Amino acid sequence: GNSVTQMEGPVTLSEEAFLTINCTYTATGYPSLFWYVQYPGEGLQLLLKATKADDKGSNKGFEATYRKETTSFHLEKGSVQVSDSAVYFCALSAPDNYGQNFVFGPGTRLSVLP
Amino acid sequence: GAVVSQHPSRVICKSGTSVKIECRSLDFQATTMFWYRQFPKKSLMLMATSNEGSKATYEQGVEKDKFLINHASLTLSTLTVTSAHPEDSSFYICSAREGEGVTDTQYFGPGTRLTVL
């Protein structure tokens, strides 16, 4: 079945450091890929998405490129801020035997220190 | 982007009582809504898929008689936790799907924190 694997963390970085959170997936067909962010005590917010191979999603300085050859969608940011501290979830949407299936990774907790 | 609201954001109730949580898509119609449960520092656990006008589809291990789901319209789904007990205390999050195809996106509500005393 469809699945998403991501580094679970926690990831601790200093402010202005470079961030990479790895995400790989297994899916039938051609999935859409997403990154969601959850700030402390809040629900999930869509951060960015990509719907086909080689698409790059970007938002708030975060980027992720849909790599079909490596089945990956790694999240990157060049310079993190304390306000980026949150849990980041990688997800995919793909058809399965029961219809459209939305699958989340386990989440990666990011702590950015001043 | 699309907005999903949840109400209430926080509720405290006594053991044995029932609690209703509402999930609304504010600026789009959602034929499908989802209910998740999240334990502290854990990922989302899908509880059920709610389709407008039909019965919800529950994930394995989720008691349908305890977690009643109603999707009465294209913009509203409700989750009722019946006869709540302390172990039902959790963060409940709904989402609504915008679109029908492979490019559809789920938009999440802000969550409801339930505490059962």
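The values are calculated or read from the model by the stated rules, or taken from the named source; none is laboratory data. Predicted model only: the values in this text are computed from it and were never measured. So basically every Cβ, Gly included, is an ideal-geometry build from the backbone, and we count neighbours across all protein chains shown.
Numerical summary
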| read-out | value |
| --- | --- |
| Count of region A:74-83 residues which are buried (at least 18 other Cβ atoms within 10 Å of the Cβ), farther than 10 Å from A:CYS23 by Cβ and of a type in the set (A, V, I, L, M, F, W, C) | 1 |
| Selection from region A:46-73 of residues that are part of a loop (DSSP other than H, G, I, E, B) and either at pLDDT below 95 or surrounded by fewer than 19 Cβ atoms within 10 Å (Cβ to Cβ) (or both) | A:THR51, A:LYS52, A:ALA53, A:ASP54, A:ASP55, A:LYS60, A:GLY61, A:LYS68, A:GLU69, A:THR70, A:THR71 |
| Scan of region B:63-74 for residues that are more than 13 Å from the chain's Cα centre (by Cα) and not charged (D, E, K, R), ordered by number | B:ALA72, B:SER73, B:LEU74 |
| Members of region B:92-107 found to be modelled with pLDDT of 90 or more and facing chain A (nearest Cβ under 8 Å), listed by number | B:ILE93, B:SER95 |
| Residues of region B:1-58 satisfying the condition of being modelled with pLDDT under 90, polar (S, T, N, Q) and in a loop (DSSP other than H, G, I, E, B) | B:GLN29, B:THR31, B:SER43, B:SER54 |
| Total residues in region A:7-45, condition part of a strand (DSSP E or B) and closer than 23 Å to A:ALA94 by Cα | 14 |
| Residue match in region B:67-82 (condition: modelled with pLDDT of 90 or more and not in a strand (DSSP E or B)) | yes |
| Test for A:ALA91: is it closer than 21 Å to B:ARG97 by Cβ, within 14 Å of chain B (Cβ to nearest Cβ), at pLDDT 90 or above and surrounded by 20 or more Cβ atoms within 10 Å (Cβ to Cβ) | yes |
| Unique residue being touching a Pro at 6+ places or on another chain (Cβ under 7 Å), surrounded by 14 or more Cβ atoms within 10 Å (Cβ to Cβ) and within 30 Å of A:LYS52 (Cα to Cα) when the list is B:SER43, B:SER95, B:SER25 | B:SER43 |
| Pair list, Cβ < 9 Å and 6+ apart or interchain, from region B:8-22 residues that are more than 13 Å from B:VAL116 (Cβ to Cβ) to residues that are of a type in the set (Asp, Glu) | B:PRO8/B:GLU22 |
